[in-house]
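The values are calculated or read from the model by the stated rules, or taken from the named source; none is laboratory data. Only a predicted model underlies this, so the values are computations on that prediction, with no experimental measurement involved. Here the Cβ positions follow ideal geometry from the backbone for every residue, glycine too, while neighbour counts run over all protein chains shown. Only protein heavy atoms, including side chains, enter the accessible area calculation; ligands, DNA and RNA are left aside. Shrake-Rupley method; radii C 1.70, N 1.55, O 1.52, S 1.80 Å.
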Amino acid sequence: MSLSVRLAHSFAGFALDLAFEAPAGVTALFGRSGSGKTTIVNAVAGLLRPNAGRIEAEGVTLFDSETGLFVPPHRRRIGYVFQEARLFPHLSVRANLLYGRRFAPRGEAGAEFARIVDLLGVGALLSRRPGGLSGGERSRVALGRAILSKPRLLLMDEPLAALDEARKAEIMPYLERLRDEIRLPILYVSHSAAEIARLATTVVMIEGGRVAAAGPAVEMMADPAAAPAFGLREAGALLPARVEAQEADGLTRLASRAGPLWLPRIEAPPGATLRVRILAQDVMLALGRPEAVSALNILPAKVAEIRIGEGPGALVRLDAGGEALLARVTRRSAAALGLEPGREVFAVIKAVSVAPGAVGAG
Amino acid sequence: MADWLGPEEWRAVALSLRVALVATLASLPFGILAAYALARWRFPGRQALNGLVHLPLILPPVVTGYLLLLTFGRKGWIGATLDEWFGIVLAFRWTGAALAAAIMAFPLMVRAIRLSLEAVDPKLEEAAATLGASRFSIFATITLPLILPGVVAGAILAFAKALGEFGATITFVSNIPGQTQTIPSAIYAFLQVPGGEAQAGRLVLVSVALAMAALLLSEWVARAVARRVGA
């Protein structure tokens, strides 16, 4: 259950030379525009033939420049969700969804039509033409079309980039359900730290056609060295947590290895596992347990690593009961508190600083 | 109504329709292929093919007819082979008239189809490939339905052109009543004899009516097809 990519390709004025492994789950290719992400996905899909390299998906070699092997795109069985949906304008939504089915190997278990239609909430659109659909509806149909072609791997090239925030929030739960229910390996291209925090299990950071860093999402998001790439305001660790109870005053109590957590109401049943993204800039550090403060979440932690930035800031990675937290403080505060690895501190997090969109299914 | 046209005139009308229809239908696959090659493929000789396809539009029709006679005539390079191997003779037959009409109408057909092909987003074809469709399936299920309005427009344009073809036809297959005498050749023949103006006039009316009908039909079909493919 994995994808292994090694490729070298050059265009006028741009060279790509990298290798990475994508294990099961969602592997996010993260990097700014022009870093070569789309080129990688196109090479995996077979829409582009790289100068050199080797691509292997689920144990099948798709491309190998040494043996001259190049499996054409229609024989790769790799679903591709494009940024602009690319629905077929002359076919109904139903025919679009079923398009890949007739080419898929017969008899092989694939996602059931009714189940996908239900999962993506496109049942009411089946007889319509793509021309009249909204952006969010198009994205969902494009997703369903790719999944129903019974792919062994799914590629998504910024499937949310063309949508506004409200539509993104609408699609996100569907993507999480896909990840957790369909269990297809997914290669997900994005330049949004928020999307990656919600979806990714593995992050491969691409810079100028090379892999700058790669690793499990939880580790990458808590790595002070990776924070500048995500954007300092976007950096923040992912805290796995479980819903304990819905409380009467509108808060949800969660349990995590770092300690109990109270957040504004999360629509999830007790026992549900979640992944809470806590932005580094929302974490305050104190040497003693603060008394009489409004912040509800006070987690004891130990400083694991400090990275002094070029500006006035510093990023502090904390170890809170085995979970990582990331705090962004000023260098002045870091000095005043005498922060150094091993120092015991308390991480203070306002409940309301955690936006609903920052809580994803675990 | 049937008496309004004489038997000779009827024969010309019927022959014209048959020649134009056969010319259009037989050349349509080649028209689509040529348009596809010109719009999508990059190969050496692409410009030469483009020129060759457009040549009949620019050359004097009589030159095209003469070249057809040289190549497809009984003693011509291709004509002799066809005669020898398959017993097919084109010169001075209605099939030759259809060939001449098809060649004269070919550039118009190819232009219309090529324009609609260039409007098809290759990204849709890529998407179809990732869904498992082979090149042929992509063409049959995505490209062809999307260019259908252009194909229909091109076919009707070619039909109208074939109906009115005169110069190349008369040069290649002459003007034999009942055999190669289409409406334009018949009008020409009637105008050559004293007192033929009435017959010529009636055929002129038929010509105008057929041209108008083809034009209206093309508009209507193109609109219906466009609605169906949602373009």
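Using the Cβ atoms and a cut-off under 15 Å, what net charge is assigned to the surroundings of A:I306, where Lys and Arg are +1 and Asp and Glu are -1? Charge balance near A:I306 sits at +1. The amide H of A:G236, built 1.01 Å from its N in the peptide plane, has A:A280 as neighbours under 5 Å, considering only residues 5 or more places off or on other chains.
Only helices reaching 15 angstrom along their own axis (Cα) with mean Kyte-Doolittle hydropathy no lower than -0.5 count here, and for the DSSP H runs of chain A these are A:135-148.
In a reduced charge model with +1 at each Lys and Arg Cβ and -1 at each Asp and Glu Cβ, the protein assembly as shown shows a dipole moment near 520 debye about its Cα centre.
Toward the positive end of the charge dipole of the protein assembly as shown, with +1 on the Cβ of Lys and Arg and -1 on the Cβ of Asp and Glu, the farthest Cα among B:F166, A:P216, A:A229 is that of B:F166.
Annotation: amide H of A:L91 has no partner in the under-5 Å range at sequence separation 5 or more or interchain, hydrogens built in the peptide plane. Taking 10 °C and 1.306 mPa s as conditions, chain A diffuses translationally at an estimated 72 µm²/s according to Stokes-Einstein applied to its Kirkwood radius (Cα pairs). To the nearest ten degrees, helix B:77-86 and the longest principal axis of the Cα atoms of chain B are 90 degrees apart. Using a cutoff of 8 angstrom between alpha carbon atoms and counting only pairs six or more residues apart, the relative contact order for the stretch B:1-101 works out to 28 percent.
Compute, for the stretch B:24-111, the length of the dipole vector about the Cα centre, with Cβ point charges of +1 (Lys, Arg) and -1 (Asp, Glu) only. Units Debye, rounded to 20.
Working: 7 positive and 2 negative charges, 55 e Å.
For this selection, approximately 260 debye.
Value of Rg to Rh for the stretch B:70-151, rounded to two decimals, is 1.23; Kirkwood radius and Rg both from alpha-carbon coordinates.
Taking the empirical scaling 2.2 N^0.38 Å for compact globular proteins as reference, the stretch A:29-97 has a Cα radius of gyration ratio of 1.31. Cross-link reach is defined here as a Cα-Cα straight distance under 20 Å, omitting same-chain residues fewer than 8 places apart; for A:K302 the aspartates and glutamates meeting it are A:E219, A:D223, A:D282, A:E291, A:D319, A:E323, A:E340, A:E344.
Note on chain A: dipole from Cβ charges, positive end direction compared against A:A114, A:L29, A:A301; the farthest Cα belongs to A:A114.
Per residue of B:119-129, how many C-beta atoms from partner chains lie within 10 Å of its own C-beta, taken as a mean?
Values: counts 0, 0, 3, 0, 4, 6, 2, 8, 16, 7, 10.
That works out to 5 on average.
Find the sum over both chains of the accessible area lost when B and A are paired, probe 1.4 Å, and report it in Å² to the nearest 100. So the buried area, both faces added, is about 1800 Å².
A simple rule links phi to the HN-Hα coupling: the Karplus curve 6.51 cos²θ - 1.76 cosθ + 1.60 with θ = phi - 60°, which for the stretch A:301-312 gives 8, 10, 5, 9, 6, 10, 10, 7, x, 6, x, x Hz, with x for Gly and Pro.
Of the trypsin sites (Lys or Arg not before Pro) in the stretch A:1-38, which ones lie in a loop per DSSP and count no more than 10 other C-beta atoms within 10 Å?
Values: sites: A:R6, A:R32, A:K37; in loops: A:R32.
Answer by residue number: there is no such site.
Expressed in Å, the radius of gyration and Dmax of the Cα atoms of the stretch A:136-181 are 10.5, 31.
Computed over all pairs of different Cα atoms, the Kirkwood value for the hydrodynamic radius of chain B is 19.1 Å.
Mean partner shielding of peptide A:85-95, defined as the number of other chain Cβ atoms within 10 Å of each residue Cβ, is 4.
With protein chains left intact and a 1.4 Å probe, residues in the protein assembly as shown average 46 Å² of accessible area per residue.
Counting each DSSP H run of 4 or more residues in chain A as -39500 (n - 2.57), what helix-only mean residue ellipticity at 222 nm follows after dividing by all residues, to the nearest 500 deg cm²/dmol?
Working: 9 runs with 72 residues, N = 362.
Theoretical 222 nm ellipticity from helices: -5500 deg cm²/dmol.
For the stretch A:275-292 versus the stretch B:56-124, the inter-centroid distance based on Cα atoms is 81 Å.
Only Lys, Arg, Asp and Glu count, each charged at its Cβ (+1, +1, -1, -1), so figure out the dipole size of the stretch B:1-154 about its Cα centre, rounded to 20 debye. Display every interim value, and only then the final one.
Values: 12 positive and 9 negative charges, 80 e Å.
For the stretch B:1-154, the charge dipole is close to 380 debye.
Could you compute the net charge surrounding B:K123? Neighbours are other residues with a C-beta less than 9 Å from the C-beta of B:K123; K and R count +1, D and E count -1. Each step should come with its number before you reach the end.
On the way: positive: A:R86; negative: A:E84, B:D121, B:E125, B:E126.
Taking every Cβ under 9 Å from that of B:K123, the sum is -3.
The convex hull around the C-alpha trace of the stretch A:319-359, projected and averaged over every direction, spans 3.9 square nanometres.
Assuming a viscosity of 1.567 mPa s and a temperature of 4 °C, what translational diffusion coefficient in µm² per second does Stokes-Einstein assign to the stretch A:51-188, Rh being the Kirkwood radius over Cα pairs? Write out the running numbers ahead of the final one.
Working: Rh = 15.7 Å.
Rounded, D is 82 µm²/s.
Using a probe radius of 1.4 angstrom, the carbon and sulfur fraction of the accessible surface of chain A is 51%.
If we count every other residue with Cβ under 13 angstrom of A:G123's Cβ, Lys/Arg +1 and Asp/Glu -1, where does the sum land? Spell out each step's value before the answer.
On the way: positive: A:R94, A:R115, A:R128, A:R140; negative: A:D118, A:E137.
Summing Lys/Arg as +1 and Asp/Glu as -1 gives +2.
At a Förster distance of 41 Å, what's the computed FRET efficiency of A:E219 paired with A:E247, Cβ-Cβ distance as r, to 0.05? Efficiency, from the Cβ-Cβ distance: 0.80.
Between the residues A:I349, A:I78, A:L187, the greatest Cα displacement towards the positive end of the dipole of the protein assembly as shown, with unit charges on the Cβ of Lys, Arg, Asp and Glu, is found for A:I78.
Just need log10 I(q)/I(0) for the stretch B:45-114 at q = 0.19, 0.24, 0.26, 0.27 Å⁻¹, Debye formula, equal scatterers on the alpha-carbon atoms, no solvent, rounded to two decimals. Calculated log10 I(q)/I(0) at the listed q: -0.80, -1.05, -1.11, -1.14. For the stretch A:210-340, the calculated P(r), taken from all Cα-Cα distances in 5 Å bins from zero up to the bin holding the longest distance, is 2, 10, 19, 21, 19, 14, 8, 4, 1, 0, 0 percent.
List the trypsin sites (Lys or Arg not before Pro) within the stretch A:51-124 that DSSP assigns to loop and that have no more than 14 neighbouring Cβ atoms inside 10 Å. Don't jump to the answer; show the numbers that get you there.
Details: sites: A:R54, A:R75, A:R76, A:R77, A:R86, A:R94, A:R101, A:R102, A:R106, A:R115; in loops: A:R76, A:R77, A:R86, A:R106.
Sites meeting the loop and neighbour criteria: A:R106.
For the peptides A:273-286, A:168-181, the ranking by packing is A:273-286, A:168-181, with the highest mean count of neighbouring Cβ atoms within 10 Å listed first. Measuring with a 1.4 angstrom probe and ignoring ligands and nucleic acids, B:L33 comes out at about 100 Å² accessible. Backbone amide hydrogens, once placed in the peptide plane, bring A:E244 within less than 5 Å of A:R253, A:L254, A:A255, A:G271, excluding anything fewer than 5 places away on its chain. Here is the list for the stretch B:23-102: trypsin sites (Lys or Arg not before Pro) lying in DSSP coil, each with at most 12 other C-beta atoms within 10 angstrom of its C-beta, are B:R42, B:K75.
Residue by residue along B:140-147, Cβ atoms of other protein chains within 10 Å of the local Cβ number 2 on average.
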